[in-house]
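Following: one structure in structure tokens, then a few remarks.
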Amino acid sequence: MAKMMRSDLGTARALGSARDGFHHWWIERLTAIALVPLTLWFACGVISVAGADYAEFATWLGKPWNAGLMICFISAAFLHGKMGMEVIIEDYVEPRCAQLAVKIFVNLMAFALGIVSVVSVLIVALRG
Amino acid sequence: MTLLEERLKRGGPVSPHLQVYNMFALTSFLSIIHRIFGAALFVGTLLFAYWVISAAAGPSAYDAAMGFLGSWFGYLLIFGWSFALFYHMCNGVRHMLWDTGRILSLPEIYKSGYAMVACSLTLTVVAWALGLSL
């Protein structure tokens, strides 16, 4: 998919990123596009369960579309956040060993929190 | 050797740092806020994770989490996170329009900047009005 966005001539003349910069940019945009409707859905969802007790919340999250879209939201948000943070870290964190350390930390944190959040949604949704 | 020194020595490209901009022109100000809010949203995912993890832990943990999130401090965090979320989303749409080559003239950038701030404020106010009234 990402390859299609770059022309053959551009590749041949070495215009643009020589490595994985374009792919990073593309995934950031792809997740951003997904996050526009997902964020609006998420806001509506949170408003509908604001102040709800556990049973009401579990009933809401137990609906297939709600659980599914919540997992889509979590996946896109954590991936997008991780990538945005990588760009920020590359711009401002020096020296390079510190940059690498912070990047590793952010990546691990994003994956761990994202996966634990998805598992939590599944636990609530499937417990009924 | 810092990355900047390394790049200067190699003669490679050096990206501009914040101090080269007039940070309080509307254009650069909105752009800097976009980044700051993006980073804040990432840190704020801790709050989101706390919410869903406590729900998974069961009703009593969920009630405890609701007690914290329903306190004035919890409200403050959620309010900040919600505004940052709407702002980053609206400005993200603006960014993606730029990516297609649209609205790149200076008057359009100012106009879309004001529109984006108005949209994100409206979304935040409407969301909280609905959330508190329902």
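Read-outs throughout are calculated quantities, based only on the coordinates presented, and are distinct from any laboratory measurement. The model shown is predicted, which means the values in this text are computed figures rather than measured ones. With ideal geometry, Cβ positions are generated from the backbone for all residues, glycine too; neighbour counts draw on all protein chains shown.
Report yes if some residue within the stretch B:70-79 is away from every other protein chain (no Cβ under 14 Å) and either farther than 17 Å from A:Ala50 by Cα or in contact (Cβ under 8 Å) with a residue 40 or more places away in the chain (or both); otherwise report no. Give the derivation first.
Restricting attention to the stretch B:70-79, the residues satisfying the condition of being away from every other protein chain (no Cβ under 14 Å) are B:72-73, B:76.
Narrowing the set further to residues that are either farther than 17 Å from A:Ala50 by Cα or in contact (Cβ under 8 Å) with a residue 40 or more places away in the chain (or both) leaves none.
Looking for residues that are away from every other protein chain (no Cβ under 14 Å) and either farther than 17 Å from A:Ala50 by Cα or in contact (Cβ under 8 Å) with a residue 40 or more places away in the chain (or both), one finds none in the stretch B:70-79, hence no.
Do any helices (runs of 4 or more DSSP H) entirely within the stretch B:50-134 hold 1 or more residues that are of a type in the set (Phe, Trp, Tyr), in contact with an Asp or Glu (Cβ under 7 Å, 6 or more places away or on another chain) and surrounded by 15 or more Cβ atoms within 10 Å (Cβ to Cβ), and if so, which? Reasoning before the result, please.
Values: elements: B:59-69, B:72-99, B:106-133.
Result: empty, no element qualifies.
Cβ contacts < 7 Å: first residue touching a residue at least 12 places away in the same chain (Cβ under 8 Å), restricted to the stretch A:81-106; second residue in a helix (DSSP H, G or I) and small (Gly, Ala, Ser), any location; separation 6+ or different chain. Result? Every condition considered, the pairs that remain are A:Gly81/A:Ala110; A:Lys82/A:Ala110; A:Gly84/B:Gly38; A:Met85/B:Ala39. Among the residues of the stretch B:34-49, those that are farther than 20 Å from A:Leu122 by Cα and either surrounded by 15 or more Cβ atoms within 10 Å (Cβ to Cβ) or more than 10 Å from chain A (Cβ to nearest Cβ) (or both) comprise B:His34, B:Arg35, B:Phe37, B:Gly38, B:Ala39, B:Ala40, B:Leu41, B:Phe42, B:Gly44. In this structure, is B:Leu123 under 23 Å from A:Met83 (Cβ atoms), touching a residue at least 24 places away in the same chain (Cβ under 8 Å) and within 10 Å of chain A (Cβ to nearest Cβ)? Taking the combined requirement at face value, the residue does not satisfy it.
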